[in-house]
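Chemist: Dumping the structure here so I can ask a few things about it.
The values are calculated or read from the model by the stated rules, or taken from the named source; none is laboratory data. Being a predicted model, the structure only gives us computed values, none of them experimental. Neighbour counts are summed over all protein chains in view; Cβ atoms, including those assigned to glycine, are modelled from backbone coordinates with ideal geometry.
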Amino acid sequence: MLRLFCKSKIQGLVVTKTDINYQGSITIDSALAEKADLQPYEMVQVLNLANGMRIETYYIPGKGNQGEICLNGAAARWFQVGDRIIVLSTALFSEGEKRSAKPLVIITDEKNKIIKKR
């Protein structure tokens, strides 16, 4: 049996931009996403700590080392610049894989720079 578990989590992100005219997704600084083991177009969950909204969308890479976090399309209605968010990615694990797997956790500061990785 396969079970769905948290693969990675980026915590403490701050939304830097919203773009309602884009067709959807979340743009994340590509260097930050790489450290969190995210691949372009990978599905992620985005949790907004300001209002409790939780969406599922896909990741697209932004310019590296710029700190960009942009909610695009319909999600732009539920997120505002300055909102603190968490981005979660998941993966299917077998019972054997799960025994040795632990989620990768990245913690960022208010400029979306990594301050801790575990």
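Chemist: Taking the conditions exactly as written (in contact (Cβ under 8 Å) with a residue 40 or more places away in the chain, of a type in the set (Gly, Ala, Ser) and more than 29 Å from Arg3 (Cα to Cα)), does Gly62 satisfy them or not? Full working, then the answer.
Modeler: Values: in contact (Cβ under 8 Å) with a residue 40 or more places away in the chain: no; of a type in the set (Gly, Ala, Ser): yes; more than 29 Å from Arg3 (Cα to Cα): yes.
Considered against the rule, which asks whether it is in contact (Cβ under 8 Å) with a residue 40 or more places away in the chain, of a type in the set (Gly, Ala, Ser) and more than 29 Å from Arg3 (Cα to Cα), Gly62 comes out as no.
Chemist: If you don't mind, another one. Of everything in the range 56-85 that's surrounded by 17 or more Cβ atoms within 10 Å (Cβ to Cβ) and β-branched (Val, Ile, Thr), which residue is nearest to Asn112 (Cα to Cα)?
Modeler: So the residue we want is Ile69.
Chemist: Among the listed residues Ser94, Ser100, identify the single one that is farther than 27 Å from Gln23 by Cα and without any contact (Cβ under 8 Å) to a residue 24 or more places away in the chain.
Modeler: Going through Ser94, Ser100 in turn, just one is farther than 27 Å from Gln23 by Cα and without any contact (Cβ under 8 Å) to a residue 24 or more places away in the chain: Ser100.
Chemist: Tally the residues that are surrounded by fewer than 14 Cβ atoms within 10 Å (Cβ to Cβ), under 12 Å from the mean Cα position of the chain (by Cα) and assigned to a loop (DSSP other than H, G, I, E, B), restricting the search to the range 21-55.
Modeler: Qualifying residue count for the region: 3.
Chemist: Moving to a separate point now. Of all residues in the range 1-13, which are within 11 Å of the chain's Cα centre (by Cα) and on the phi < 0 side of the Ramachandran plot?
Modeler: Residues of the range 1-13 that are within 11 Å of the chain's Cα centre (by Cα), as a first pass: 8-13.
Of everything in the range 1-13, those that are within 11 Å of the chain's Cα centre (by Cα) and on the phi < 0 side of the Ramachandran plot turn out to be Ser8, Lys9, Ile10, Gln11, Leu13.
Chemist: Those residues that are of a type in the set (Lys, Arg) and touching a strand residue (DSSP E or B) at 6+ places or on another chain (Cβ under 8 Å), I need them from the range 66-108; list them, please.
Modeler: Step one: filter the range 66-108 for residues of a type in the set (Lys, Arg), giving 77, 84, 98-99, 102.
Listed by number, the residues that qualify are Arg84, Lys98.
Yes/no matrix, rows are residues, columns are (1) among the aliphatic types (A, V, I, L, M); (2) modelled with pLDDT under 95; (3) under 14 Å from Thr108 (Cβ atoms):
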position	(1), (2), (3)
Met1	yes, yes, no
Lys9	no, no, yes
Val15	yes, no, yes
Thr18	no, no, no
Thr27	no, no, no
Glu42	no, no, no
Asn51	no, no, no
Ile55	yes, no, no
Ile69	yes, no, yes
